[in-house]
Every structure is written in structure tokens, then in C-alpha cells.
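Only one structure is covered here, and it is reproduced in the block below.
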Amino acid sequence: MLMENFGVFWLKLITGTTKLQRLYSGFLLKDILDRFKKKTNSKTDLLMYLYAGHDVTIAGILNSLGVFQPHIPPYSSSLLFELYESNGHYYIQLLYRYSNTENPAPIYIPHCGVKCSLSKFHDLYSGILPSSFDKECRLHK
């Protein structure tokens, strides 16, 4: 139990500040949102993107979004970002599948709800979306 508590503490620590959230989870989140934006502009007919990660990837994104419930995501857990369109408006819904024996459960997005408009979601998390790799990592040529 002590090691599990330490593991959960470490999972929260790696995205414990806005800067760490931007560096650890921000690039993946930005990629997802950019792909959603392209889809809303009908610039792609792809229906699904799959990303592979580890427990730290899932916990990092959940913590960066302010929805992490302290635990160590088990093997086969997954986080789903779904894009919906209704009357010309686009919405994001997050679902978390804790294990392969349960169905994905919707996640309440703080200050937004279970389904959040794409623009509001972007506004809520703009502080953790990086502008560029070079700028964030201070790479200068």
C-alpha cells in the first residue's frame, strides 16, 4: 500500500504545475485538439485516431485536465476523446475506461460538464497548450 501511495503521489507530481502540464501533456492534448479542429473544418475524412501510451500518460492528461482521481491506471485502461456535432456546434466528451472489464464512463469536465463545446474546452485549457516545441524547450538555432 505504501508503494501504491508513492506511485499515485509521483503521478500527480509529474504534472503538478501548469508548466509541467504543458510540457508533459500539452503536446498530446494540442495534437488532439488540432485534429478535432481540422475535422470541424472538413479538412479530413478520417474518423478515428489512436494513440498509445502508458499509465503515466493517462494519469498525466487526467491530472492536467483537473479530473484525476488518485489511482494508478491499470494495464488496458484507456482515455477516449470524442467529438460530437449537433446543429453545427461541436462538443468534446471524455470517457475513461478503467479496465478491459468495464465500459467507458463519461468524465465531468470542470466548469463545462460532461459534454463541453470545443471552443470552451480549448479556452479552459489554453494555458497548458504549447505554442511550439522550440519555444517550450527553449531551443534556439
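The values are calculated or read from the model by the stated rules, or taken from the named source; none is laboratory data. Note that the structure is predicted; figures quoted are calculated from it, not measured. Cβ sites come from the backbone with ideal geometry, for glycine too, and all protein chains shown count toward neighbours.
Descriptive notes on the structure:
- Odd one out for V114 among (1) among the β-branched types (V, I, T); (2) at pLDDT 95 or above; (3) surrounded by 15 or more Cβ atoms within 10 Å (Cβ to Cβ): (3)
- Among the residues listed as K30, K43, K37, the single one being at pLDDT below 95 and either under 13 Å from the mean Cα position of the chain (by Cα) or surrounded by 15 or more Cβ atoms within 10 Å (Cβ to Cβ) (or both): K37
- The set of residues in segment 117-133 that are free of Cβ contacts under 8 Å to residues at least 60 places away in the same chain, part of a helix (DSSP H, G or I) and surrounded by fewer than 11 Cβ atoms within 10 Å (Cβ to Cβ) contains only S126.
- Any hit, segment 93-100, residues being modelled with pLDDT of 95 or more, over 12 Å from the mean Cα position of the chain (by Cα), surrounded by 12 or more Cβ atoms within 10 Å (Cβ to Cβ) and farther than 19 Å from S25 by Cβ: no
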